Structures are given as C-alpha cells and as structure tokens.
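The values are calculated or read from the model by the stated rules, or taken from the named source; none is laboratory data. Treat the numbers as computed from the prediction; the structure is a model and nothing was measured. Cβ placement follows ideal geometry from the backbone for every residue including glycine, while neighbour counts extend to all protein chains displayed.
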Amino acid sequence: MKIIAFAGSPSKKSINKKLATYAAGLFENTDTEILDLNDYEMPLFSVDKEEIIGQHPLAKAFLEKIASADLLVVSLAENNGNYSAAFKNTVDWCSRINGKIFQGKPMLLMATSPGARGGASVLEIAKNNFPRFNTDIKAVFSLPSFNDNFDVENGKISNTELDSQLKEIIRDFQF
C-alpha cells in the first residue's frame with residue numbers, strides 16, 4: 001500500500017507536516033512518501049495566468065503523486081480560520097486540470113495548531129469541501145495545543161490519550 005502524506009502548509013517548520021509524517025508512519029506495511037508543498041509552488045492562480053502558462057507542470061506533478069497513492073494522509077494548517085494560501089493555490093491550479101483532485105482516494109484528514117481548537121475551523125471547511133474534489137474522508141483527527149502535545153525531538157504525540165485516539169483511528173482504518 002502506498003501512502004502519500006502532506007501538510008497544507010508551506011512552512012519549512014510545519015507542525016502539520018510533523019503530524020502527517022508521524023501519522024503516516026503508524027500504518028504498517030506501507031510505502032510512504034511525504035510531499036512538501038514548497039516543491040509545488042506556483043504563481044497565484046488566475047485565468048489570465050492560466051491562459052499564458054496553460055496547465056502548470058507542477059500541478060500535473062502533484063496530481064500524479066495523488067494518483068500514485070492508495071491512501072492520503074493530509075494535515076491542514078489553519079490560517080485565519082481557513083486553508084493556507086499556498087494550499088488553496090495548489091488546489092486552484094490542480095482543479096483546472098482535474099476537478100476530482102483527490103481522485104477517489106481514501107483520506108485521513110487532520111489538523112493541528114498551537115491553539116486549543118487544533119485547527120477545528122479548517123477541518124470543518126475541508127470536511128464540507130473535499131468531497132467536491134472526490135475524496136473519501138475515512139477519519140478526521142485534530143491535535144490541539146501542538147506545543148504541549150507533540151514531542152518534536154522524538155517526532156511523536158506526547159499526550160498519551162491523544163496518541164491512543166490517533167492509533168485507534170489508524171488501527172480501525174478501512175478502505
């Protein structure tokens with residue numbers, strides 16, 4: 001089974017990338033590839049730019065990675081209660097090539113933030129919006145107060161209760 005995991009954040013120190021990497025590593029007998037949104041940086045989407053550029057090659061490459069997956073592990077950064085501009089821009093470019101960006105793939109959808117809500121606003125938006133882009137959200141996980149609940153040095157959730165919740169989700173994951 002091939003997992004494609006990524007964070008909806010361009011931050012080089014992305015806490016969501018840390019969470020996605022940890023979660024993807026909990027699945028057994030898998031080939032996992034962690035994508036970096038910075039590798040898919042494109043100009044701000046507009047129909048005028050699309051007319052000049054055409055289908056952006058990085059959007060095509062991102063869609064090819066999604067196509068190669070059996071499972072998607074996605075952890076979204078929350079910027080002012082919504083997706084990061086970088087992630088939204090990737091979605092905008094990709095959707096012009098294939099409106100079914102996630103290509104029917106099962107997804108573990110997550111978010112974390114330094115705050116106690118753990119990206120609740122962006123998760124709510126994604127739960128409502130991602131099915132439009134043809135994904136099968138199998139489970140949702142929020143990690144609140146990242147700095148208190150994640151051991152960055154060891155790359156894992158330090159709060160035993162939250163760690164158990166995520167491990168249970170993954171143990172019961174069916175697709």
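In a residue-by-residue description of the range 36-44, the property of being over 27 Å from residue 154 (Cβ atoms) and touching a Cys at 6+ places or on another chain (Cβ under 6 Å) applies to no position. Picking from residues in the range 28-46 that are surrounded by 12 or more Cβ atoms within 10 Å (Cβ to Cβ) and assigned to a loop (DSSP other than H, G, I, E, B), the one that is nearest to the chain's Cα centre (by Cα) is 36. Small (Gly, Ala, Ser), under 12 Å from the mean Cα position of the chain (by Cα) and either in a helix (DSSP H, G or I) or modelled with pLDDT of 95 or more (or both): is that true of residue 61 in this structure? No. Consider the range 1-27 and keep the residues that are within 11 Å of the chain's Cα centre (by Cα) and β-branched (Val, Ile, Thr). The one that is nearest to residue 156 (Cα to Cα) is 21.
Just one of the numbered conditions (1) over 16 Å from residue 14 (Cβ atoms); (2) over 14 Å from the mean Cα position of the chain (by Cα); (3) outside any loop (DSSP other than H, G, I, E, B) is not true of residue 55: (3). Test residue 24 against the criterion of being out of contact with any Leu (no Cβ under 8 Å at 6 or more places or on another chain) and closer than 25 Å to residue 99 by Cβ, and give yes or no. When the stated conditions are applied, residue 24 does not pass them. The condition of being at pLDDT 95 or above, of a type outside the set (D, E, K, R), in a loop (DSSP other than H, G, I, E, B) and over 26 Å from residue 43 (Cα atoms) does not hold for residue 139.
Cβ-Cβ contacts under 9 Å between residues 6 or more apart (or on different chains), taken from a first residue in the range 32-61 that is within 23 Å of residue 21 (Cβ to Cβ) and touching a residue at least 24 places away in the same chain (Cβ under 8 Å) to a second residue that is in a loop (DSSP other than H, G, I, E, B) and of a type in the set (A, V, I, L, M, F, W, C), are listed as 33/69; 58/42. Of all residues in the range 71-123, those that are touching a residue at least 12 places away in the same chain (Cβ under 8 Å), assigned to a loop (DSSP other than H, G, I, E, B) and either of a type in the set (Gly, Ala, Ser) or within 26 Å of residue 47 (Cβ to Cβ) (or both) total 18. Scanning the range 81-97 for residues that are of a type in the set (A, V, I, L, M) and closer than 17 Å to residue 12 by Cα, we see that the one that is surrounded by the fewest Cβ atoms within 10 Å (Cβ to Cβ) is 85. Here 18, 49, 13 are screened, and the one residue that is over 16 Å from residue 108 (Cα atoms) and part of a helix (DSSP H, G or I) is 49.
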